[in-house]
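Novice: Can you keep this structure in mind? I'll have questions shortly.
The values are calculated or read from the model by the stated rules, or taken from the named source; none is laboratory data. Not measured: the values here are computed from a predicted model. As a convention, Cβ positions derive from the backbone with ideal geometry for all residues, glycine included, and neighbour counts pool all protein chains shown.
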Amino acid sequence: MVVYQFHGRKTAGVARMHYWNYSIGTGALYAKHLFARGGLQKHLYWDLRKALNEVVSYDKPEKGFEKELFSRPFMMLQIFKGLALFWVTSAADRRGVKYVRRALTTLTT
């Protein structure tokens, strides 16, 4: 069974922004729990392996919204951005640096 969820998105740009933000959030989740016992190392490894397989096995690039939007390399770029943003903001919070979160959220939009 295949289920398509639309969630009221009107344009490709809106769908891309949602997917972009979901992937950044996934990266932040990985960063938070990466070194915890029973952490998410294997999930990050699986995502990275799938992205590398997609890059290596590219016979001919397909054009189109869905291929571009749901590609693993695109997703991994956002996941690594989420990892970095989480680590930078948590380090800045520990040091008492003000306004870092606001500045970083303006950089990601």
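Novice: Report yes if LYS50 is of a type in the set (Lys, Arg), surrounded by 12 or more Cβ atoms within 10 Å (Cβ to Cβ) and either part of a helix (DSSP H, G or I) or modelled with pLDDT of 60 or more (or both), otherwise no.
Specialist: yes
Novice: Under 6 Å by Cβ, and 6 or more places apart or on different chains, what pairs join a residue from segment 29-50 that is of a type in the set (D, E, K, R) with one that is in a helix (DSSP H, G or I) and surrounded by 11 or more Cβ atoms within 10 Å (Cβ to Cβ)?
Specialist: LYS50/ARG72
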